[in-house]
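Visitor: There's a structure below that I have some questions on.
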C-alpha cells in the first residue's frame with residue numbers, strides 16, 4: 001500500500017499511524033536516490049509537450065517555462081536549468097499569470113487545470129517511464145507487502161482542485177497502482193524481489 005503524507009509531519013507520528021512503514025521522501029530535498037522522483041530533478045532530455053524538437057532538464061522547468069504572465073511570455077532558457085534552483089517564476093516578478101502556452105510556439109493559452117492535465121501530468125508520466133523505471137519497480141514490489149509513505153510538501157491528489165499545487169507523490173502512487181490519471185494496467189508490471197533502499 002502507498003499513502004501520501006506531508007513532509008512537515010514528524011516521523012514518529014507517521015510511524016505511529018503506519019506502524020512498520022517505509023518513509024520515503026520524494027521531494028527535491030531527499031537525501032537518497034528518491035530525489036530523482038522530484039519534478040525539479042535534472043534528468044535531461046524530457047520532451048516539451050506540443051513542442052517538436054524541444055527538450056528540458058526537468059518536469060518543473062517545462063511547467064514553469066510554458067507559463068505566460070502579464071509581463072512575460074514563455075521562458076525557454078528555463079529548459080536548460082539543471083541546478084534544481086531558481087526555476088519557479090513568480091507573480092511578484094512577472095505579474096498576473098495568464099495561463100500556460102500550448103507549446104513553445106503555440107497560440108493557445110491553457111487554463112490552470114487544463115494545463116495541469118495536458119502538460120504537467122503527461123510530462124511527469126514520461127519522466128517516470130523513461131527516467132526512473134528502476135525506482136517504480138522497487139516501489140511496486142515493496143508496496144505489495146509493506147506500507148510506503150511518500151513524503152511530499154503538497155498532498156493534493158485532486159487534479160481538478162486548483163486551490164493547491166498537485167502532489168507529485170500522488171502521481172507516483174497513481175502510476176505504481178494504476179489509478180487515475182494514469183489508468184489501470186498500463187504502467188508495466190512489477191518484478192518479484194526484495195526492496196533495496198533507493199541509493
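Visitor: Could you check how many residues of region 10-33 are in contact with a helix residue (DSSP H, G or I) (Cβ under 9 Å, 6 or more places away or on another chain) and over 21 Å from residue 88 (Cβ atoms)?
Guide: Qualifying residue count for the region: 5.
Visitor: Out of curiosity, is residue 48 more than 18 Å from the chain's Cα centre (by Cα) and buried (at least 18 other Cβ atoms within 10 Å of the Cβ)?
Guide: It is false that residue 48 is more than 18 Å from the chain's Cα centre (by Cα) and buried (at least 18 other Cβ atoms within 10 Å of the Cβ).
Visitor: A follow-up question, please. Limited to region 106-129, what total is found for residues that are touching a residue at least 40 places away in the same chain (Cβ under 8 Å) and farther than 15 Å from residue 60 by Cβ?
Guide: Start the filter on region 106-129 by keeping residues that are touching a residue at least 40 places away in the same chain (Cβ under 8 Å), which leaves 106, 109, 112-113, 115-129.
From the residues that got through so far, the ones that are farther than 15 Å from residue 60 by Cβ too are 106, 109, 112-113, 117-118, 129.
The qualifying residues number 7.
Visitor: Here is a follow-up. Which count do you get for residues in region 51-79 that are within 20 Å of residue 131 (Cβ to Cβ), in contact (Cβ under 8 Å) with a residue 24 or more places away in the chain and more than 18 Å from the chain's Cα centre (by Cα)?
Guide: Within region 51-79, residues that are within 20 Å of residue 131 (Cβ to Cβ), in contact (Cβ under 8 Å) with a residue 24 or more places away in the chain and more than 18 Å from the chain's Cα centre (by Cα) number 2.
The rows are residues; the columns are (1) out of contact with any helix residue (DSSP H, G or I) (no Cβ under 9 Å at 6 or more places or on another chain); (2) modelled with pLDDT of 95 or more; (3) part of a helix (DSSP H, G or I); (4) under 22 Å from residue 66 (Cβ atoms).
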position	(1), (2), (3), (4)
129	no, yes, yes, yes
139	no, yes, yes, no
145	yes, yes, no, no
171	no, yes, yes, yes
176	no, yes, yes, no
189	no, no, no, no
194	no, no, no, no
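Visitor: Quick check on my filter: what residues within region 105-117 are part of a helix (DSSP H, G or I) and surrounded by fewer than 18 Cβ atoms within 10 Å (Cβ to Cβ)?
Guide: Across region 105-117, the qualifying residues are 112, 113, 114, 117.
The values are calculated or read from the model by the stated rules, or taken from the named source; none is laboratory data. Remember, it's a predicted structure, so these values are computed and weren't measured experimentally. All Cβ positions, glycine included, derive from the backbone under ideal geometry; neighbour counts span all protein chains shown.
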